[in-house]
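One structure is given here, and the rest of the page talks about it.
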Amino acid sequence: MGPAGPDRHLFVVFGATGDLMQRKLLPVLCRLGTGGKLPAGSLVLGVARRPMDDAAFRALALASMASSGTAEVARPYCERSLFYQSVPDESPASFAALRRRIEELEKQHGLEGNRVFYLALPLEAFGPTLTGLGVAGLNAGPGWTRVVLEKPFGRDLASAQELNRIARRYFEEKQIYRIDHYLGKETVQNLLVFRFANMFIESLWSRERIEQVEITVAERLGVEGRAAYYEQSGALRDMVQNHATQILTLIAMEPPATRDEDSIRNEKVKVLQSVVRLTPGDVVRGQYAPGSLNGAAIAGYRQEPGVSPTSGTETYVALRLRIANWRWQSVPFFVRTGKRMPVKSTRVVLTFKAPPVSFFQTAEEYSANPDRISILIQPDEGFELAFEVKVPGRELRVQTHRMEFHYADVFGELPDGYETLLVDMLLGDPTLFVRADEVEESWRLYDPILRSPPPLAFYPAGSWGPSEARTLVEGWGYRWSPD
Ligand code: BG6
C-alpha cells in the first residue's frame, strides 16, 4: 500500500468464533480486503479455544456471511487470507504455540512482522489474554504491535483501573486501542466539525444562549439473545458509560489547541472531571415490561430467554447532570438511553433560552416553542434547526418551522463505523479511540450510582420509558423536548 495506506500486517482476532467476529468484524475485514483498502498480502489469524483447521474456519466465516449474500464475493479473500489457531487455555505453552504459528505465517507469506491483536472477548478474558501475550513476548515484534480492546473496559472504576494496569504491564499506551464504535460514526465525528468549523455555532454554544442539552440514545431492539452478557451489564454499563458519555464529552468540550489525538482527548477528559458528582437521585433506572410495538405484542425483559424472572437489570437509564465550568455552569444536561423504545434514534437536542419577552406584549403572543438545534446522529443522519417565524397577517402570531440537512441527500450511504476505526488503527491514528484516563474518569462518574443504584421503574415495551424520567427533569424545572 502507498505511504497513505496501512502497512502489511497480520490481524490476530481472539474470540474468532464469537458473535462479534462473525457478525461484525469479519464482514468488515472482507469488505476492506476485497475493496483494496488493505494492503495485498495482509492476513487474518482467527484464535479461539475449539480445535479447528484453516479450512473449517473459512467455511464458518463464509457460512456467517451467507445470510447477507456477501459470501460469494468474499470467498477468494477468505480462501487466501483467513487462518486459524486454537489457543485452548491461557497457559504459557498455548501462547508459545500461537507465537510459533504467527512467526511461521509471517515467514511463509513474507510479512514484515506488523501485528494487531484484537480482543473480541468477554471482559474476564482480557487480563489473562494480555498477560499471555506479554509472557510469550508477543507485546513487541519485528514491526509494530497494536492491541485492540472491545468494550466493556471494566465494570466499574476499580476493575477498569486493574485492566489498565495489566495492559500497561506489557503494552505502552500508544499500542492500546480501546474501541467505542460510536466514535467511528461519521455524525459523531462531525460534532467537532459542526462546532469548530462554524463560527456562528460556536458562538451560541454556552450558558449564555443554551437553556438545556439532551442526549437520547433510543433503540427499538430488546436484549436480542445476549442475556448472559446483558444481565451482568445493564444499560448504564452497556450504553451510558461509553457511547452516551462520548457524545456528551464531544458536545461539551472546549476547542482543542490542535487536531492531534492528545489535544482532543485532553479536552474530553476535562469535561468528565468537571461533571458535578452524581447522586442516586439524579438517575432513573427502568426495565421494559410487556408492551407492544407497531401493534405487535412484545415480551417484557424478565420474559426474555436467559433472563432471570426477578432480574434487577436496567434496560433504560435517564440522568441529569451539571458541568461545573465556565462554559456550562448552570446548564442541565439530560441523558437517556433505553431498549424497546418506539423508534431507533440517537440525537442531541440543544434548546436555546427564550428571548427577552419585552418585544412581545403578552404571553399569548409569544407562545412559541423555544428554538432548538437537533443533531441527528442516527438514523437519518443530519441536523434540524427549529426556529420561529411570523405568521403573515396583522395579528402577531409565531409558528415553528425547520431548516434541515440530511447526509443521505448529499453524500449517500455513510461508511460503517467499524470500517473507519479499523483503518485508523491500522494507520496508527488513535484519535478516535478511548484513552486510559478517559475510561477511568468516566467510570469515576458512574461509580456512585453503581454502588447504590436507585430502585427500578418499569415501562411498557414500545414506550418512551418510565414516567419517573419526566419527573427527574421536571424536578429541576425543565422538560424533555417533544419525542
Ligand atoms: C453496543 C451495545 O455497544 O451498542 C448494544 O452493547 C447496543 O446493546 C449497540 O445495541 C447499539 O449500537 P448502534 O450502533 O446500533 O447504536
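Observations on the structure shown:
- Of the candidates 405, 383, the single residue that is modelled with pLDDT of 90 or more, surrounded by fewer than 18 Cβ atoms within 10 Å (Cβ to Cβ) and of a type in the set (A, V, I, L, M, F, W, C) is 405.
- Answer residue from the stretch 95-123, given it is crowded, with 21+ Cβ neighbours inside 10 Å and touching an Asp or Glu at 6+ places or on another chain (Cβ under 7 Å) and is farthest from residue 179 (Cα to Cα) among those: 114
- Residue pairs whose Cβ atoms lie under 6 Å apart, sitting 6 or more positions apart in sequence or on different chains, and linking a residue in the stretch 335-351 that is at positive phi to a partner that is in a strand (DSSP E or B) and away from the ligand (no atom under 12 Å from the Cβ), are 340/288.
- Against the list (1) free of Cβ contacts under 8 Å to residues at least 40 places away in the same chain; (2) buried (at least 17 other Cβ atoms within 10 Å of the Cβ); (3) within 16 Å of the ligand (Cβ to nearest atom), the condition residue 267 fails is (3).
- Test: residue in the stretch 32-45 that is touching a helix residue (DSSP H, G or I) at 6+ places or on another chain (Cβ under 6 Å) and farther than 25 Å from residue 99 by Cβ: yes
- Residues that are within 16 Å of the ligand (Cβ to nearest atom) and surrounded by 15 or more Cβ atoms within 10 Å (Cβ to Cβ) number at least 3 in the following helices (runs of 4 or more DSSP H) confined to the stretch 125-241: 186-196, 227-235.
- Looking across the stretch 169-196, just one residue is out of contact with any strand residue (DSSP E or B) (no Cβ under 8 Å at 6 or more places or on another chain), aliphatic (A, V, I, L, M) and closer than 19 Å to residue 425 by Cα, and that is 183.
- Residue within the stretch 21-34 that is over 20 Å from residue 175 (Cβ atoms) and part of a loop (DSSP other than H, G, I, E, B) present: no
- Counted as qualifying within the stretch 243-354 are the strands (runs of 3 or more DSSP E) with 1 or more residues that are closer than 30 Å to residue 228 by Cα and within 24 Å of the chain's Cα centre (by Cα), namely 283-289, 316-322, 332-338, 345-352.
- In this structure, residue 329 qualifies as surrounded by fewer than 15 Cβ atoms within 10 Å (Cβ to Cβ) and modelled with pLDDT of 95 or more.
The values are calculated or read from the model by the stated rules, or taken from the named source; none is laboratory data. Given the structure is predicted, the values throughout are model-derived calculations rather than measurements. Positions of Cβ are generated from backbone atoms using ideal geometry, with glycine treated the same way; all protein chains shown enter the neighbour counts.
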